[in-house]
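Worksheet: the structure to be examined is printed underneath.
The values are calculated or read from the model by the stated rules, or taken from the named source; none is laboratory data. Bear in mind the structure is a predicted one, so any value in this text is a computation, not a measurement. Cβ sites come from the backbone with ideal geometry, for glycine too, and all protein chains shown count toward neighbours.
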Amino acid sequence: MEPTRRCAIVGSGLAALAAYATLRHGGLASNEIAVLGTHEDPTEVWRVRAAAIRQRQMRSESDGHLAAAAFPGLAVRELVRTGSLRPMVATVANRYHPSVEAFLAHAQDVRRRTGWSQSFTERRVGRITAREGGFELDGDGPFAHVLVATGHPGLSRPGEFSGAVHAYEPHEYASRIAIVGAGMAAATEWLNALAAGSEVVSIRRREPLRRPLNVPRTFFSKRGLGAYHSLSNEQRAAKLRELAAASFPPGPAWDEPLAQAEREGRFRVELVPNGAEQVICATGFKRGFQEDPLLARLVTDNGLATFGRWIVLEPDSTIPTLTDNSRTLSLAGVAAQWAFPAADTIAGAKYSARAFLRRICRTR
Amino acid sequence: MSYTLTGRIESRLGSVVPALVLALALHRWWAIELVALMLVLGLALDVLVYHRALPYQPGWLALPLGLGELGLVYLAMRAAGIMAPLDLAFGIYGVGWLSAQILGHAIFPRLRLEYAESGGELGRGGVLTAAAVGVTLVAGLGAAYAVRPPTVHLHGTVQGPLVIRHAETLVGGVVRGGIVIRASHVTIRDVTVVGGQHGVDIEHASHVMLDHVRVLGVTLDGIRALDAGVMIHDCSISSPASTLVSGILISYSMGRPMSMVSGCTIAGTREGIATHSSMVDVMGNHVVDTTERGILLGEMSMDMASKNVVEGAKGIGIICMDHSMCDIKHNTIAGATIDGNQDPTRQGVAIESFFYAQAQVAHNTVIASPGGVQAFDNSTIQHQN
């Protein structure tokens, strides 16, 4: 039998890099961590999507970066880089949003500094098998501690628009466009299409919420999480459904172009595309563990507790029946929403990563 | 950040450490008392107000909350009778506020990765820090209480001169013939002194506080401090019994902590407030009808005179003289009159720099004083905006 290796990260996106940086910050050596994923560049998938919707600014704030410690944040780094106090003034008023370019440059810096490439192996993991004292990943291992950060399970398109281009796929804009959805990607696409001179029909089931971040700020800390973790399964699922409602940030940068276009008759809300030349689905991602083959198999193989589309997790993002004093199986990214409602954000990735690190340290 | 209540308390306790270290380094009880007051008020606000009112606290709120707490700490300090020099007290508060920002935004998040998501809780380190801060403060305050000077309450009139040779607090009553202070850490509060050569005579002492002291009918000086560090607040000196009386005279005290004279009213003396070879902050006093000089900052002193009102001074309102360096700002000098002896330096000069002195003046108001603002005998006056 092979000796048990320290830990593995399954997945190679932003959440995986955040976890890797956290583990390295916590004192683990590169050779103690195996990263198994499909892309050596952890920003690749996200970068393509951001480019597709022409995203220039992050919704996250100064601490929305992938390094382990929150300080120095991106605002401080910009201050050092440019000598301008503007990002600092903006950040104390919660008005600082780093550029996508700065975020990605910093992510590459984190990748380089942490030695990510030394731990990375290009492989799509198809099955996680629980063994005594750890887990095998497609027969490789065992690993004592495994963090699954496989990301969103794919792009979501409503059935009636199955042939439409998705906002996160590369595309141009026709002169009359219908954009389906009402979240951040949809709002970004409205502005993109209007700026390109198109006429836009917004197709949406309900009015979007206006929220600075994906979820209210209290849910990013123990204050809101304490109450969230004490909810029953039914209540927690209801809360997650409520928090999943489409939203984009408030502010004139969004409102003014839309109001102007509405006055000019170039932007309106309708129920159907109504003759649009192009339909863009800004409808986000497929939802639920069932959509992720690895997680679906994990649930089936081990009879894991689930509720609705979520795997039931401990508050520290671990799967209770597969975690004990000698081993840890933890989820990060969107699959960890049962533990952290904003799990699909950078803050969420770090939340799972830090809890994972604590468990590793505890079992040293 | 969304603080939990425990997080607020632990962060508050952790953040007070630099101010507490500074207070301990100063070796002054008032500094420890001030830090304790800051902490108690802050914790009360955390529990009673902030936790309920601020489920999420944006970064910018630190400034208005800090200013609000500063106001409350100042009022509480006055109410509790903590005898702190204001500049140092503000300095300690500033250190406390600034260190809270640096610790909360930079150091705690680096030392404890989950600091923000834990709602400001510091974990085991926080509990230890809280315990250490608590023990230090309780021990410090306990020690301060144990060695506090005795308080003597005077009732009615006591025949002086009253000689004080040990640290003590003297409160109330009337003393005839003056008070002599020859010890440090003496506080005189709400006492009226009548007659004698010097109303209050202080020598070779530090941390002497005169608060609401009235002096009447003395023959030499209302309050005289020689080689002493004194804080004189809200005093009143009037009805001199001779033409030689100086209201307040602080001299040869350069080696002592900075002295302060504030909120005093001095009327009809030869000189209102005079300093020689000392460092004194003369602030917010009212000096009326002096026969020689209203305020004299002299003999290599390094003094500040600000927000004073000098009325009806004969000859000179405020003078910086004899190699002194003076900051003279925001004063009002009204009705300085010409002394009839033909001396050009005494022709109703509102502000004067004399004999190798350097005065920096700004924002003073001069009314009906024919001599204006002048420099004599190799001295300079620098006007600032």
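Of note:
- Applying a threshold of 8 Å to beta carbon distances and a minimum spacing of six or more residues, or different chains, the list of pairs starting in region A:102-126 at a residue that is assigned to a helix (DSSP H, G or I) and ending at one that is surrounded by 20 or more Cβ atoms within 10 Å (Cβ to Cβ) and among the charged types (D, E, K, R) reads A:ALA102/A:GLU78; A:THR114/A:ARG24; A:SER117/A:ARG111.
- Residue within region A:146-153 that is modelled with pLDDT of 90 or more, within 14 Å of chain B (Cβ to nearest Cβ) and not in a loop (DSSP other than H, G, I, E, B) present: no
- Out of A:ALA296, A:ALA276, one residue alone is in a helix (DSSP H, G or I) and either within 28 Å of A:LEU331 (Cα to Cα) or in contact (Cβ under 8 Å) with a residue 60 or more places away in the chain (or both). It is A:ALA296.
- Scanning region B:174-184 for residues that are free of Cβ contacts under 8 Å to residues at least 24 places away in the same chain and out of contact with any Ser or Thr (no Cβ under 7 Å at 6 or more places or on another chain) turns up B:VAL175, B:GLY177, B:ILE179, B:VAL180, B:ARG182, B:ALA183.
- Residue check, B:LEU137 within 19 Å of B:ALA25 (Cβ to Cβ) and either more than 14 Å from chain A (Cβ to nearest Cβ) or of a type in the set (Phe, Trp, Tyr) (or both): yes
- Cβ-Cβ under 7 Å pairs, at least 6 apart or on other chains, region A:133-146 side without any contact (Cβ under 8 Å) to a residue 40 or more places away in the chain, far side of a type in the set (Asp, Glu): none
- Taken together, A:THR306, A:THR345, A:THR318 contain a single residue that is of a type in the set (Val, Ile, Thr), buried (at least 24 other Cβ atoms within 10 Å of the Cβ) and in contact with a Phe, Trp or Tyr (Cβ under 9 Å, 6 or more places away or on another chain), which is A:THR318.
- Between B:GLY81, B:GLY66, B:GLY91, B:GLY96, the distinction of being within 17 Å of B:ILE9 (Cα to Cα), out of contact with any His (no Cβ under 6 Å at 6 or more places or on another chain) and away from chain A (no Cβ under 14 Å) belongs to B:GLY96 only.
- Among the residues making up region A:226-263, those that are more than 18 Å from the chain's Cα centre (by Cα), surrounded by 15 or more Cβ atoms within 10 Å (Cβ to Cβ) and of a type in the set (A, V, I, L, M, F, W, C) are A:ALA237, A:TRP254, A:LEU258, A:ALA261.
- If you go through region A:31-62 and pick out every residue that is assigned to a loop (DSSP other than H, G, I, E, B) and more than 29 Å from A:ASP138 (Cα to Cα), you end up with 9.
- Count of residues meeting criterion [closer than 22 Å to B:GLY222 by Cα and within 23 Å of the chain's Cα centre (by Cα)] in region B:128-165: 1
- Matching residues, region B:230-248, being under 24 Å from the mean Cα position of the chain (by Cα) and surrounded by fewer than 24 Cβ atoms within 10 Å (Cβ to Cβ): B:MET231, B:HIS233, B:ASP234, B:SER236, B:SER238
- Of all residues in region A:206-237 being over 27 Å from B:MET1 (Cβ atoms) and not in a loop (DSSP other than H, G, I, E, B), the one that is farthest from the other protein chains (Cβ to nearest Cβ): A:GLU234
- Total residues in region B:349-381, condition under 26 Å from the mean Cα position of the chain (by Cα), among the polar types (S, T, N, Q), over 10 Å from B:ILE319 (Cα atoms) and not in a loop (DSSP other than H, G, I, E, B): 3
- The set of residues from region B:335-348 being surrounded by fewer than 17 Cβ atoms within 10 Å (Cβ to Cβ) and assigned to a strand (DSSP E or B) comprises just one member, B:ILE338.
- Test: residue in region A:189-205 that is closer than 28 Å to A:PHE307 by Cβ, part of a loop (DSSP other than H, G, I, E, B) and either within 14 Å of another protein chain (Cβ to nearest Cβ) or not small (Gly, Ala, Ser) (or both): yes
- Residues of region B:25-57 satisfying the condition of being within 14 Å of chain A (Cβ to nearest Cβ) and either basic (Lys, Arg) or surrounded by 14 or more Cβ atoms within 10 Å (Cβ to Cβ) (or both): B:ASP46, B:TYR50, B:HIS51, B:ARG52, B:LEU54, B:PRO55, B:TYR56, B:GLN57
- Count of residues meeting criterion [within 14 Å of another protein chain (Cβ to nearest Cβ) and not polar (S, T, N, Q)] in region A:29-62: 1
- Residue match in region B:313-336 (condition: in contact with a His (Cβ under 6 Å, 6 or more places away or on another chain) and not acidic (Asp, Glu)): yes
- Yes/no for B:SER11 being within 14 Å of chain A (Cβ to nearest Cβ), under 32 Å from the mean Cα position of the chain (by Cα), at pLDDT below 95 and closer than 26 Å to B:LEU141 by Cα: yes
- The lone exception for B:THR129 - which of (1) surrounded by fewer than 17 Cβ atoms within 10 Å (Cβ to Cβ); (2) more than 14 Å from every other protein chain (Cβ to nearest Cβ) it fails: (1)
- Screening B:THR219, B:THR269, B:THR291 for residues that are outside any strand (DSSP E or B), touching a strand residue (DSSP E or B) at 6+ places or on another chain (Cβ under 6 Å), assigned by TED's automatic domain parsing to the domain that holds B:ILE367 and under 21 Å from B:GLY177 (Cα atoms) leaves exactly one candidate, B:THR269.
- Considering only residues in region A:63-84 that are of a type outside the set (Ser, Thr, Tyr) and in a helix (DSSP H, G or I), the one that is nearest to the other protein chains (Cβ to nearest Cβ) turns out to be A:VAL76.
- Members of region A:315-334 that are assigned to a loop (DSSP other than H, G, I, E, B) and free of Cβ contacts under 8 Å to residues at least 60 places away in the same chain: A:ASP316, A:SER317, A:ILE319, A:THR323, A:ASP324, A:ASN325
Per-residue answers, yes or no, for (1) more than 30 Å from B:HIS51 (Cα to Cα); (2) more than 24 Å from the chain's Cα centre (by Cα); (3) crowded, with 20+ Cβ neighbours inside 10 Å; (4) not basic (Lys, Arg):
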position	(1), (2), (3), (4)
A:ARG204	yes, no, no, no
A:VAL215	no, no, yes, yes
A:PHE219	no, no, yes, yes
A:ARG223	no, no, yes, no
A:VAL269	yes, yes, no, yes
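- Some residue of region A:14-25 being within 14 Å of another protein chain (Cβ to nearest Cβ), in a loop (DSSP other than H, G, I, E, B) and surrounded by 18 or more Cβ atoms within 10 Å (Cβ to Cβ): no
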